1. Residues to consider are Leu118, Leu89; find the one that is exposed (fewer than 14 other Cβ atoms within 10 Å of the Cβ) and in contact with a Ser or Thr (Cβ under 7 Å, 6 or more places away or on another chain).
2. So which residues in segment 73-97 are in a helix (DSSP H, G or I) and farther than 16 Å from Phe61 by Cα?
3. Based on what the data block shows, is Leu100 under 15 Å from Ile52 (Cβ atoms), surrounded by 17 or more Cβ atoms within 10 Å (Cβ to Cβ) and in contact with a strand residue (DSSP E or B) (Cβ under 9 Å, 6 or more places away or on another chain)?
4. Kindly provide the set of residues from segment 46-86 that are surrounded by fewer than 16 Cβ atoms within 10 Å (Cβ to Cβ) and closer than 21 Å to Cys145 by Cα, ordered by number.
5. Quick one: in segment 125-153, which of the residues that are in a strand (DSSP E or B) and small (Gly, Ala, Ser) is farthest from the chain's Cα centre (by Cα)?
6. Only one of these conditions is not met by Thr60: (1) part of a strand (DSSP E or B); (2) closer than 23 Å to Glu137 by Cα. Which number is it?
7. Being within 18 Å of Pro96 (Cα to Cα), touching a residue at least 60 places away in the same chain (Cβ under 8 Å) and surrounded by 11 or more Cβ atoms within 10 Å (Cβ to Cβ) narrows it down to one of Ala42, Ala31, so name that one.
8. Tell me the residue from Glu73, Glu78 that is modelled with pLDDT of 85 or more, within 15 Å of the chain's Cα centre (by Cα) and closer than 27 Å to Ser111 by Cα, please.
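The values are calculated or read from the model by the stated rules, or taken from the named source; none is laboratory data. Bear in mind the structure is a predicted one, so any value in this text is a computation, not a measurement. Backbone-built Cβ (ideal geometry, glycine too); neighbour counts: all protein chains shown.
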Amino acid sequence: MKTQIKIFFFIIPIFLITGCKKNIVINEKQAILFQVDYMNYAWGYQHNGFIIDNEGNILTFKNPQNWNYPDNEFNLSESQVRANIGSCLNTGKRIPSEELKKYANYIKNISSSKVTALKNVAADAGSLEYICYRFSEDSGTYKGCLIKMEGDFTCENLNFYSKKVSTWLKNINYSIGKK
């Protein structure tokens, strides 16, 4: 019995110290966490959307000059992200801290999952992309991950959390009056 009590008092503190840490993505050096980006060339150039920064601020953009688009793997440099933020307007709306942490914690899982193949479903609808970012301090690079794409082509991330995050971003998009 004494051995069981000793094990209990030895194991429980170790579990509490190591097993209860949360993998929080948010840090001060990562400027952006999420982006919703709509583009359409069918009826003239349209490019608008929003960014959610590490403090939960919702920053919008509409046909910005000198926008830095990610490469084919959704990578952007730190300076490109800072320049894009400079092209945005702060809506004055902010995601509550706990809500932001909740969704930011899904980024690691989503970024390690595959995305379905593109499927052509429309014409002239443009492209609406839901993206999350992971920042590498070592390389100063933002690695974007596609959560979902809608419009002329559709595809989606296969991770369990991707539907929750894309629905959340879609609701934010409607709440700020975007497409």
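1. Criteria check complete, one pass: Leu89.
2. Hits for segment 73-97 are Glu78, Ser79, Ser97.
3. Judged against the criteria, Leu100 is a match.
4. Passing the criteria: Glu55, Trp67, Asn68, Tyr69, Asp71, Asn72, Glu73, Asn75, Ser77, Ser79, Arg82, Ala83.
5. Gly151
6. Unmet for Thr60, out of (1) part of a strand (DSSP E or B); (2) closer than 23 Å to Glu137 by Cα: (2).
7. Testing whether each residue is within 18 Å of Pro96 (Cα to Cα), touching a residue at least 60 places away in the same chain (Cβ under 8 Å) and surrounded by 11 or more Cβ atoms within 10 Å (Cβ to Cβ) leaves just Ala31.
8. Checking each option against the conditions leaves just Glu73.
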